[in-house]
Amino acid sequence: MNGGGDTTDGSRPAGPDDSTRVQAQALLPMIWADPRHMPEQLAFFAVRRFGPRAATAVARRKQHRPEAGHDELAGDVIAHGTRMTIADGAVLGGPFVVLMPLSFVAALLAQARMVLELAALAGQDPRSEARVADLLVLQDVYPSTEAAEAVLPEVPRHPPGGRGRLPRRTRWSLIVRMAAILGITGGGEKPSTLQRVVSTALIGALFLVGMVLPLIWVPALAWIYRQNSLRLGAKALRYYTPGATGDRVRHRRGFTRVPRAAGIAAILRLLALTVAPFLAAAAVALAGVRVVGGFWGTALLVLVVVSLLAAGAWFVRHRAKLAGGGRSGP
C-alpha cells in the first residue's frame, strides 16, 4: 500500500513533501488557530497545495493511458484517492488514538485531492477558489455553493499557526466534526443537538476501545474510509460531469486492492499484533500469576499493557518509515 506517492497509475512518484500526512502536519496549526472554520481552512489549504498538482496528475494519467475514456480515468482517480485515504488516514491513526486529529486531517486531505483531480479531469481549474466552495458542498458542510461562497470572504486565508493550545471541549468538538465529514458519525452538515450527543458518544466509545486495543482502529477506519471515499468520488463525478453514472463507480471492484503478497503479509502482521495481547493475558492468567484484582484484574492489566506495547512497536516502525519517505502499511 503506497503511503503517500503516486506510483502505479500515471502520476509521478511523490516525495515525502507530497504526502497528505506531511501536509496534515502543516495544516493542523492553522486549524487550531481558526477552529470555527475548520472545513473552510482545510478546503483552502487543499486547493493551494494540491490544486496545481491535480492538473499535472490528470495529464500524466491521460498520457499513461491514452486509450482510456473519461469514465475509466475517473474510476482510476477514485481508486487511487480511496487507497490514499486509507493509507494516510486509517494506517496513521490506527495504533495511537492520540493521533486522531492528524489521522482525520490526512484522510480529509487525501479525499480533497481526489476531488480536485476529478475537477481537473472534467475541465475545471483545480487551482480556482471556486473549488473551495465545491469541496465544502461535496462534503455536505454547506447545502449549496452560494451558501459556501457567502461565508468564505470572512475566513482568513493564512491564519497564524497555533500551538494546539485549545480548550479540551473545542478540540473534542473539532474531532467530532472531522469524524462527521469523514462519514464515521454521519454527514458533515451542521448536526442537531441529538446528532452531536450521539456522535460524541460514538467517538468516545471508539476512543476507549482504541485505548485498550489500539490496532482495532486499522481495519475499522479502513472500511469506513473506503465506503466514504467511494461515495464522495461518485458524488463528485456526478457534480462535475452531469449525467455521469457515479453509482456504477461506487460499486466498482478492486478499488482498494494491494499486491497479494503485500496484502497477506500486512494482514498477518495485523492479526499477530492483535492476537498477541490476548494470548499473553491468557498465558499469565493460566499460569496462576496474580498481580492486581485476582484472575480477571491480572488478565485485563496484561491485555492492556501488551496491547499498548504492540501498538508502540507498530507506531515506531511506521514513524521510521514515514521519516525515511518509504512505504507504509499495517
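The values are calculated or read from the model by the stated rules, or taken from the named source; none is laboratory data. Note that this is a predicted model, so its numbers are computed, not measured. For neighbour counting, all protein chains shown are included, and Cβ atoms are generated from backbone atoms with ideal geometry for every residue, glycine included. Surface accessibility is based on the protein's heavy atoms, side chains included, excluding ligands, DNA and RNA. Shrake-Rupley method; radii C 1.70, N 1.55, O 1.52, S 1.80 Å.
Go through the residues of the range 299-311 one by one and say whether even a single one is at pLDDT below 75, within 27 Å of the chain's Cα centre (by Cα) and not in a helix (DSSP H, G or I).
The answer is no, given that none of the residues of the range 299-311 is at pLDDT below 75, within 27 Å of the chain's Cα centre (by Cα) and not in a helix (DSSP H, G or I).
Got a number for residues in the range 226-249 being basic (Lys, Arg) and modelled with pLDDT under 90?
Looking only at that region, the number is 2.
Please tell me if THR185 is among the polar types (S, T, N, Q), buried (at least 16 other Cβ atoms within 10 Å of the Cβ) and modelled with pLDDT under 90. Write out each step before concluding.
Numbers: among the polar types (S, T, N, Q): yes; buried (at least 16 other Cβ atoms within 10 Å of the Cβ): yes; modelled with pLDDT under 90: yes.
Yes, satisfied.
Taking the options LEU109, LEU92, name whichever one is buried (at least 24 other Cβ atoms within 10 Å of the Cβ), modelled with pLDDT of 90 or more and not polar (S, T, N, Q).
One residue alone meets the criteria, LEU109.
Of (1) at pLDDT below 90; (2) open to solvent by 20 Å² or more (accessible area, probe 1.4 Å); (3) among the basic types (Lys, Arg); (4) out of contact with any Lys or Arg (no Cβ under 9 Å at 6 or more places or on another chain), ARG83 satisfies all except one. Which?
It is condition (4) that ARG83 fails.
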